[in-house]
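Structure first, commentary second.
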Amino acid sequence: MKTIILIINFFVHLFSAFGLLWLIVEITAFFTDAETAESIKPYWWVFLLLGLAYAIFCLIPKQSYKFKVPNRDSNIILSQKDFFDIKGSIIVPINNKFQVDQDGKILDSKSILSQTIKKYYSSKPNLLQGEIALELQGDFYKAAKVNESEYQIGTVVSIKINDKQIYLLANTKLNSNNKSYCNDDMFEESLNGLYFYLSQVASKEDFIIPLIGTGNGRLLTNREAIIKEIVLAFLSSLSQKNYADSLTVCIHKPDIGKHNINFKRIGEYLGKKIETTEFTNKQTLGSNATYQ
């Protein structure tokens, strides 16, 4: 079925392009003389080649979408690039105990946290754990504690290594088997906490965020809905403060086919939403925290 649709779309684009080019010839004939128009017709094959090129170009899937946020000096980008190939500050999901290697298997994982450790900490989880422990000694984190070992969902720990800014976001909890899990409420709380934190303490930065909760968090929500929520919550956070140069929502490329993500549909949907955004009468994202 997909092949048939591709073939139909190809010929639709081809005939549209060829028809447009031929229309140009007719317009030329109308405003000039017939001899000029006749002199162009022998080059029909040029029009055909241009039409073929256009049809092929239209069938090439887009790898990214970029949107300018109205009345804000900020952009929103959807990208299929590798998470670590995009320049900017990265948002890395972690459990709300901020335990880097809770089951001793972090380096076997394909998670963003695991890749962060391999890339920036020489595959040594204890190095990152040590930096987190130092940050958690701050006064704010005492207030953010739920109990002796857990922190509020949405709590963020900021770490910088070799000029790379990393924001560790508590978006999951650990079950009795030390496995991470996330639900819809936790997902929303983590987004609210993240954007509030960034609006309070971050400089004007380019932020890169993965589809939080969908990997080890085992969130069951449709990935297209998750992309929408990440973007719409970010837009809401911009209503009170313009704190970001850009937000790039990074979608793991193999997930496009694996989880039936319609990249074009979600891009067009968000484009319309962003274009019509008005920053009036919007509530500030809630949080009990005050960042200094």
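Structure notes:
- Derived scalar couplings ³J(HN,Hα) [segment 198-208; Karplus, 6.51 cos²θ - 1.76 cosθ + 1.60; whole Hz; x for Gly, Pro]: 4, 5, 8, 10, 7, 7, 5, 10, 9, 9, 10
- Asp103 paired with Thr276, simple spin-label distance in nm, labels 7 Å along Cα-to-beta-carbon: 4.4
- Amide proton proximity set for Lys164, modelled H, under 5 Å, gap of 5+: none
- Among 230-238, 162-170, the order from most to least packed when residues are scored by Cβ within 10 Å on average: 230-238, 162-170
- Label zone of Glu148 (point 7 Å out along Cα→Cβ, amide N under 19 Å): in segment 160-187 this covers 174-178.
- Cross-link partners of Lys105 among aspartates and glutamates (Cα-Cα below 20 Å; sequence separation of 8 or more within a chain): Glu131
- A full extension of the chain between Lys110 and Glu135 corresponds to an added length of 6.5 nm, given 0.36 nm per residue minus the alpha carbon distance.
- Residues with amide H under 5 Å from that of Ser89, placed H, sequence gap 5 or more: Asp206, Phe207, Ile208
- Segment 64-275: antiparallel DSSP beta bridges as a percent of all, rounded to 5: 45
- With each label modelled as a point 7 angstrom along the Cα→C-beta vector, the Leu50-Asn242 pair spans 4.0 nm.
- Annotation: extensible slack from Asp255 through Lys66 equals 66.1 nm (criterion: 0.36 nm per residue apart, minus Cα-Cα distance).
- Working note: Karplus 6.51/-1.76/1.60 with θ = phi - 60° gives segment 129-140 the couplings 4, x, 5, 4, 4, 5, 5, 6, 7, x, 4, 4 Hz, where Gly and Pro are set to x.
- Translational diffusion of segment 94-246, estimated by Stokes-Einstein from the Kirkwood radius over alpha carbon pairs at 37 °C in a medium of 0.692 mPa s, is 205 µm² per second.
- Along each principal axis, taking the top coordinate minus the bottom one, the Cα set of segment 80-149 gives 37, 28, 18 Å in descending order.
The numbers here are math on the coordinates, done by the rules we state, and not lab data. Bear in mind the structure is a predicted one, so any value in this text is a computation, not a measurement. All Cβ positions, glycine included, derive from the backbone under ideal geometry; neighbour counts span all protein chains shown.
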